[in-house]
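K.L.:
Questions regarding the structure given below will be posed in turn.
Any read-out appearing in this document is the output of simple, stated calculations on the displayed coordinates, not a laboratory observation. Note that this is a predicted model, so its numbers are computed, not measured. Cβ placement follows ideal geometry from the backbone for every residue including glycine, while neighbour counts extend to all protein chains displayed.
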Amino acid sequence: MLRYTVLRILGAIPTLLLVIALAFLMVHAAPGGPFDDERALPADVEANIAAAYHLDEPLPQQFLRYMSGLLQGDLGPSYRYRDYTVGELIGTAFPYSLKLGAMAMALALLLGVSAGTVAALRQGTALDKVVMGFSMTGISIPVFVIAPVLVLFLAVKLQWLPAGWSSATGMSRYLLPVITLALPQIAYIARLTRASMIDVLGRDFIRTAHAQGLGTATVVRVHALKPAMLPVLSYMGPAIAAILTGSVVVEEIFGIPGLGQFFVRGALNRDYTLVLGIVVFYASLIVLLNLLVDILYGAIDPRVRYR
Amino acid sequence: MSLLDVQGLTIRYGDETVVDGVDLFIDRGESVGLVGESGSGKSQSALAILGLLPRQAIATGSIEFDGQQILGASDSVLNTLRARRIGIVFQDPMQALNPYLRIGTQLRQIPLTHGLCEKTEIDARVIDMLASVGLPDPERQFRAYPHELSGGMRQRVMLASALIAEPDLLIADEPTTALDVTVQAQILDLLEDMRDNTALLLITHDLGIVAGHCEHTIVLDRGRLVEQGPTTSVFAAPNHAHTKTLLAAAPRVDRGDVPEPVKGSTILSVGDAVVDYRDLQAVSKVSFSVKKGETVAVVGESGSGKSSLVRAMLGLIPMASGRVVYAGSHLEGPVESRAQAPRRDLQLIFQDPVSALNPQMRVQAIVGEPLLVHEPRLNAAARAERVTEILERVGLSQKFLRRFPHELSGGQAQRVAIARALILNPRVLVCDEAVAALDGSVREQVLNVLREVQADTGLSIIFISHDLAVVRSISHRVLVMYLGRLVEMADSQSLFAAPKHPYTRALLDSVPVPDPVAVQKRAPLRGEVPSPVNPPDGCVFHPRCPKADDRCASKAPALRDFNGVRVACHYPNA
């Protein structure tokens, strides 16, 4: 088990290197640079700044310099937020994104699994069709449409919830962004749960459990839930990635000062180190969470052996 | 009043009637056998008694258990009967137990749900129950997952779950069909020992099991009850034609004609074959040969290496060492690299015909396909003629030509598979459990096809089977394998009359005989086939052998010849 975990983490290193190299190439391939502005700088000033940030060096050398800094845990200085390092920026912004993402994921799992289970138990009934109808809608509508519609109804028309980040304090300002981010995931998880629950409920060992006189609630809780969660668990990897990318849009729409917002600004400003830093951070996070999913998978299905 | 009183039970799925007006009574403590072929409605009836039919099934009639009507009863009423009053054991314990939960976790739900004892005593009660069904080290098995146990041990767990609430009626639905014959004997004996005053409804396709274990016998045919009565009279003087057919089709391991040995030239021989898998040896230095026109059976329980042996011979899996000689020339390497002629001459048919036939091809294309490879110059008309001819030979008319595999019954599908194998006029046909999935009467038809083709063409057959009664009726010679070793090789007449190896003896004794008056001398083998990853020292059979002593534990016996019978045993039977 420990050996497996270590091997998996080591196995992630080439993936991360490739992601960093691609991201590095792409930000540098984009036209313009971090210090281009509407007002052109004098040539000697520009040369000085470039030299100060080593932007005058050939690209491979810049890449090696960046990588050696990375190995020491240094993500470099931000080119635009001049008084901050990229590490500091991530440190201030990530807690918002983490809270947003974690709550969205928790909500998606809670509602998705419950709705899917209920639909599976009432397969073919009106309730099943309503749940599946909602879930199809949820999957089909993109986040940037859901967000304004929710704001329009819940915040502007009904005035139940605050519309933006700055117009409220406390947890209430998280509500709309979390719902927006979670909605497509709730829909997808509900469909996954329903399909796998129907499959599990048709298995012989469920018939055995009924033959032992166990009530439906016990049968689902003790016997069916664990195996039915396996496909949902497999989906957690892609779901985490979807929530991270979704949060970039959602943070921008609601004006949340999270990592997503920094990422978008960084890309627009050619803030090479900031964009790369966030890419490295997110990529590592995804690799780590996927590893966690795999380990959990083994815990649920005892027949999975780690080699 | 009967404990269970079923009257006019009819079960329908849409327009299809699977059980049609069945009446059935079981008194307290009585044992009743419910016999029938697949599709006779026997399992459906059992599920109906527990109220476990799928939602789309429509059941009418009456099922009264101890005065309580079961048809139409609510789940909460049914749940007070299930396990507590009526326990059930299903066929395949690997499927019937939850693979994701520890055995203890599953079993403790039963006393918990039915409030059988104080919560603090539940674990102890479950462990007690596991001990009483003969599980070694029950505390450890309590924490084990089902896949960590052998098939026999899993079925013991299943039996523990059915009996832990001390029900009045135990339903056993094909309880030993998925098990090896020596383990089957153990489980059936355990069932007898454990049930005490519990009434038993034993559902099976195996008349031998009913003959040995039930006082009363009921025969179902396509959903209808065709015969019932005390077991002895049903077997001695069956009234209904279907019962007579079933009895006639049930081969007996203890009597009946055994084919005479074949004299002739050797067509195929295998020498010192060894098959290695990653961490185990599946076949250890096995040699045998097949004569022209001879049927050689390879028998043994799961893990004996019988399938690995023939597959390596055919080049389907690698043979670590050893040689295969066919018609004077050596066959080496994987089948793809072998010459066309031996590939054409050696053909194979599998256990499950439905998955061995391409579902997207019609029978005509399936059977004609080998000709495209081996006789490419044949034109379409000539090919079609050959296909029709060979289908006729296996007893299928032209109307089957345009059918797809799913439109065939199991027996028809297996005949198509045989036709495909025979169309190239092979010299040797390997049948890997080819009749194991077929019902008795259909199995007889398929065996007859093989016998006829052999008589006409001098075909040699290698017949892999776990069913010794079938082997007795078809094979001229028998190889008995245990844990990858050949333990006995003899002509069928000597082997069935006087088996020399104690394992062969035990195998023969374990087969249930469809005759309630035949006195079976039963000395069920202890334990189960050990793991081939860690085979026992000395003679691999010694831990289970009634004759074993220190010598057997330390020194592996060589294969020795006794008047043409080869036996690997220090103390062979006379």
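K.L.:
What's the FRET efficiency of B:ASN563 with B:ARG362 using the Cβ-Cβ distance as r and R₀ = 60 Å, to the nearest 0.05?
P.N.:
So the FRET efficiency works out to roughly 0.70.
K.L.:
Ok, one more. Which far-off residues, 5 or more places away or on another chain, put their amide H under 5 Å from the one on B:VAL283, with H placed in the peptide plane?
P.N.:
B:VAL275
K.L.:
What does the average come to when, for each residue of peptide A:99-107, you count the partner chain Cβ atoms lying within 10 Å of its Cβ?
P.N.:
Going residue by residue through A:99-107 and averaging, the value is 0.
K.L.:
How much length would be gained if the chain were fully extended between B:SER554 and B:THR266, taking 0.36 nm per residue of separation minus their Cα-Cα distance, in nm to one decimal?
P.N.:
Working it through step by step, the gained length comes to 100.1 nm.
K.L.:
Taking loop as defined by DSSP and a crowding limit of 13 other beta carbons within 10 Å, which trypsin sites (Lys or Arg not before Pro) in segment B:485-574 fit?
P.N.:
In loop regions of segment B:485-574 (DSSP not H, G, I, E or B), the sparsely surrounded trypsin sites (Lys or Arg not before Pro) are B:LYS521, B:ARG522, B:ARG526, B:LYS555.
K.L.:
Taking only DSSP H segments of four or more residues, each worth -39500 (n - 2.57), what value at 222 nm results for chain B once the sum is divided by all its residues, to the nearest 500 deg cm²/dmol?
P.N.:
-10000 deg cm²/dmol
K.L.:
In addition: Could you tell me the calculated FRET efficiency between B:LEU112 and A:TYR84, based on Cβ-Cβ distance and R0 = 56 angstrom, to the nearest 0.05?
P.N.:
The calculated FRET efficiency here is 0.45.
K.L.:
Moving on to the next point. Taking each full run of DSSP H in chain A as one helix, which ones are at least 27 Å long along their axis (Cα atoms) and have mean Kyte-Doolittle hydropathy of at least -0.5?
P.N.:
Qualifying helices: A:2-29, A:86-121, A:172-201, A:225-254, A:272-300.
K.L.:
OK, next. Could you tally the net charge around B:ARG403, taking each other residue with its Cβ under 13 Å from the Cβ of B:ARG403, Lys/Arg +1 and Asp/Glu -1?
P.N.:
Result for the neighbourhood of B:ARG403: +3.
K.L.:
Using the Cα centre of segment B:224-328 as origin and beta-carbon charges of +1 (Lys, Arg) and -1 (Asp, Glu), tell me which of B:ALA236, B:SER289, B:ALA250 is placed farthest towards the positive end of the dipole.
P.N.:
Value computed over the given set: B:SER289.
K.L.:
Ranked highest first by average number of other Cβ atoms within 10 Å, how do B:50-61, B:293-304, A:263-274 line up?
P.N.:
Most protected by this proxy first, the peptides run B:293-304, A:263-274, B:50-61.
K.L.:
What ranking of B:THR243, B:THR217, B:THR10, A:THR137 emerges when the number of other C-beta atoms within 10 Å of each C-beta is taken as an exposure proxy, fewest first?
P.N.:
Neighbour counts put them in this order, fewest first: A:THR137, B:THR10, B:THR243, B:THR217.
K.L.:
What nm distance separates the two modelled labels at B:THR245 and A:LEU110, each placed 7 Å from Cα along Cα→Cβ?
P.N.:
So the label points at B:THR245 and A:LEU110 sit 6.2 nm apart.
K.L.:
Compute the acute angle (0 to 90°) between the alpha-carbon long axis of helix B:181-195 and the principal axis of greatest extent of the alpha-carbon atoms of chain B; round to the nearest 10°.
P.N.:
Once rounded, the angle reads 10 degrees.
K.L.:
Let me ask something else about it. If you take every residue apart from A:VAL86 with its C-beta less than 10 Å away from the C-beta of A:VAL86, what net charge results, scoring Lys and Arg +1 and Asp and Glu -1?
P.N.:
After counting each charged neighbour, the total is -3.
K.L.:
Would you order A:TRP165, A:TRP160 from fewest to most other beta-carbon atoms within 10 Å of each residue's own beta-carbon?
P.N.:
Listed from fewest to most nearby Cβ atoms, that is A:TRP160, A:TRP165.
K.L.:
Given 0.36 nm per residue, what is the gain on full extension from A:ILE295 to A:LEU152 after removing their alpha carbon distance, in nm?
P.N.:
Gain on extension, A:ILE295 to A:LEU152, equals 47.3 nm.
K.L.:
Charges on Cβ only, +1 for Lys and Arg, -1 for Asp and Glu, centred on the Cα centroid of chain B; of B:GLY29, B:SER409, B:HIS374, which one is farthest towards the dipole's positive end?
P.N.:
Value: B:HIS374.
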